[in-house]
1. Condition first: β-branched (Val, Ile, Thr) and without any contact (Cβ under 8 Å) to a residue 60 or more places away in the chain. Now tell me which residues in region 134-165 satisfy that.
2. Could you tell me which residue of region 404-432 is nearest to residue 387 (Cα to Cα), considering only residues that are assigned to a loop (DSSP other than H, G, I, E, B) and among the polar types (S, T, N, Q)?
3. Can you name the number of the only condition in (1) within 15 Å of residue 253 (Cβ to Cβ); (2) surrounded by 17 or more Cβ atoms within 10 Å (Cβ to Cβ) that residue 309 fails?
4. Only residues that are touching a Lys or Arg at 6+ places or on another chain (Cβ under 9 Å) and buried (at least 16 other Cβ atoms within 10 Å of the Cβ): list them for region 210-248, please.
5. If only one of 242, 260 is under 28 Å from residue 193 (Cβ atoms) and touching a residue at least 40 places away in the same chain (Cβ under 8 Å), which one is it?
6. Find the residue count for region 138-182, including only residues that are outside any strand (DSSP E or B) and over 18 Å from residue 193 (Cα atoms).
7. Take the residues of region 263-278 that are free of Cβ contacts under 8 Å to residues at least 24 places away in the same chain and within 22 Å of residue 313 (Cβ to Cβ): which is surrounded by the most Cβ atoms within 10 Å (Cβ to Cβ)?
8. Need a quick list: strands (runs of 3 or more DSSP E) entirely within region 230-321 having at least 2 residues that are farther than 30 Å from residue 111 by Cα and of a type in the set (Val, Ile, Thr).
Amino acid sequence: MSKLDASVLTNAAQQALDAAKKLGASAAEVGISQSLGLSVNVRQAEIETLEHNKDTGLGVTVYLGQSKASASTSDLRPEAIHETVAMACSIAKHTQEDKFAGLADASLMATSFPDLHLYYPWELSPEQAIALAMECEQAGRDFDSLISNSEGASVSSHEGQRIYANSHGFIGQTQSTRHSLSCTLIARDETGMQRDYWYDVARDSQDLTSAVSVGRKAAEQTLKRLNAREIETGHYPVIFAAEIASSLFGQLVGGIRGSALYRKSSFLLDKLGEQIFPSFMHIHEQPHLFKALGSSAFDAEGVATQNRDIIREGVLQGYVLDSYSARRLNMTTTANAGGVHNLTVDSNDLSFQDMLKAMDRGVIVTETMGMGVNIVNGDYSQGAAGFWVENGEIQYAIDEFTIAGQLQDMFKGIQAVANDVDLRSNIRSGSVWIDKMMVAA
C-alpha cells in the first residue's frame, strides 16, 4: 500500500476554509479522510474475495449566521473543492436558522497533540494475506474431527489519515492503522450443527494473536456449543461474557448521549448525580492510551479530549455531549463528538473462574441477537446463546433462549466485573455478573 500524504489533505482543508470565507460564511469546518486497505477472505482453502481500497473524501460544513449546511466530494482538485463549498453556502441560504448551531467554542480546541502510537503500517502483500487467512482456517479445521465445515477466515489491514480544520484556526491530524484476523467454523455431531467464531484486532500487527491461535480459538468456541440443551424458564443470575459485555455499557452510552437527552427520549433523563450502579462501579474515559482503538487527542469538532469519570462510586458524573447537544442542554461539550474514547469499566480483583464459583448457578451469555433494547424506557429483551452453570462450573451449552429485564435494574444489579478485560473495542470491560434476569427457553 502506498503511503498517505498528509500535506495534500492539509492543503485541501485550508483551500476549503479559504473558499468558505470568500463566499461569505461566518464560520466553517472541514473534515478530510483518506484510507488505504487490503482485505482477503478465504473459504475451504479457496480465495473468495481479495480487495484493495483507496478512498478519499472531503466534507465541509458552513455557517451563515445560525444557518448551517454541508456538502461533500471525493475530488480534491481546487476547482472541485471550491464548487463543493459554494454548494454548501448556497444551501445554507435556504436553511432555517438554529440558535444552537455553530462550531465548538474556540477556547476548547486541542492545543497538544501527543503521539498516541496509533500508526503501524503493515507491509502485507496479497500473497502473504492469503497465506495467513488459509493458515488460520486450516488450524481451525484441523483442531478436531467434529469441525465439519468453515464459513471462512479473513485478514484485513487498513490505514487512515484524517484532517479536521475549522475557522477558529484549528487544524488537527490523525494517522491510524487497524489490522484484524478472524475465523468462523461449523461443528457437527449427532445432536446437530453449531457455528461460532473468533477474531483479533489491533493497531499494530505485531500485537495480533497468531493466525493459528485465532483458528484454534474459533474451533474451541464452536465445539463448546455442541449438544446444546434447554433450561427451564425462570429468573437466574446472568454473566455477560467479556466479549459481549461492551454491548451492555453501550446501552449506558446511548442513554446519556446528548441527542437522546435533549429529545427527552432516554431512560437516564435527569439522572446526573444519582446512583445508577453499585458503589464499587467506576466507568471512565481514557482517550490517551497508547495503541488503544478509541484513543484520540481531540474529538470530531477539534475539542481536546481528557480523562474523565462517567460513573464514580456508582453515581452518574457526566453525559456524552457534542457542542450542539451541550448547547441544547445549557451545558458544555464533553469532547464526545464522534463518540466515547476508550470507555473503561474497572474490574474487581476476580477472575472469570472465580466469578463462576461465586455465582454457583446461573447463565453465561456469550451472544445476543435482535434489536430488543428500548433506550427510551430501558426495556431490555434479547435472543441469546451461552452456557448453563451449576456448582460453579459450566455444565453445557444452551441456545435459542431470551434474556429480559430493565436496564436500570440490570445496572444496579451488577455483582462484579471480572478481570478478563476485552480490549478489542472502544468499550473495555471484563465479564459482568448481574444478580438476576428473566431467562425464557
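The values are calculated or read from the model by the stated rules, or taken from the named source; none is laboratory data. All values derive from a computational prediction rather than experimental measurement. Here Cβ is always computed from backbone atoms with ideal geometry, including for glycine, and neighbour counts include all displayed protein chains.
1. none
2. 431
3. The single condition residue 309 does not satisfy is (2).
4. Once the filter is applied, which keeps residues that are touching a Lys or Arg at 6+ places or on another chain (Cβ under 9 Å) and buried (at least 16 other Cβ atoms within 10 Å of the Cβ), region 210-248 yields 215, 219, 222, 225, 226, 236, 237, 238, 243, 246.
5. The conditions single out 242.
6. Here the count works out to 6.
7. The first filter runs over region 263-278 and keeps only residues free of Cβ contacts under 8 Å to residues at least 24 places away in the same chain, leaving 263-264, 269-270.
Restricting the remaining residues to those that are within 22 Å of residue 313 (Cβ to Cβ) gives 269-270.
Working: 269: 15, 270: 9.
Per the stated criteria, the residue is 269.
8. Values: elements: 234-240, 283-285, 308-312.
In region 230-321, the matching strands (runs of 3 or more DSSP E) lie at 234-240.
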